[in-house]
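Everything on this sheet refers to the single structure shown next.
The values are calculated or read from the model by the stated rules, or taken from the named source; none is laboratory data. This structure is a prediction, so every number in the text was calculated from the model and none was measured. Ideal geometry is used to build each Cβ from the backbone, glycine not excepted, and the neighbour counts take in all protein chains shown. Only protein heavy atoms, including side chains, enter the accessible area calculation; ligands, DNA and RNA are left aside. Shrake-Rupley method; radii C 1.70, N 1.55, O 1.52, S 1.80 Å.
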Amino acid sequence: MNIDIRQHIKNNFKNADTDEIKVSIESSISEHDEITLPGMGVFFEILWNYSDESSKEYILKTLKKGLDN
């Protein structure tokens, strides 16, 4: 069976409001559950693809700051 994880995650959150998405992200982070990593990756991919260049620079600087701590 071939599962398209990207499409599955997008379909699961298609009708979600921003609060539901936020709760899902915060829950995934707080639980440290490895199974949520692919979904977080899909969220990051969407964020990256819909960001302008200045937003991408902010994301990169924020990631770098977090990696340096």
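The fraction of accessible area contributed by carbon and sulfur in the chain is 56 percent, rounded to a whole number (1.4 Å probe; ligands and nucleic acids excluded).
How much length, in nm to one decimal, is gained on full extension between Ile25 and Tyr58, taken as 0.36 nm per residue of separation minus their Cα-Cα distance?
Using 0.36 nm per residue and subtracting the Cα-Cα distance, I get 10.0 nm.
Size descriptor for the chain, Kirkwood hydrodynamic radius: 13.5 Å (Cα pairs only, one decimal).
Label Asp17 and Glu45 with points 7 Å out from Cα along Cα→Cβ: what is the distance between them in nm? About 2.8 nm separates the two model spin labels. Averaged over its residues, segment 1-52 has an accessible area of 85 Å² per residue, based on protein heavy atoms and a 1.4 Å probe.
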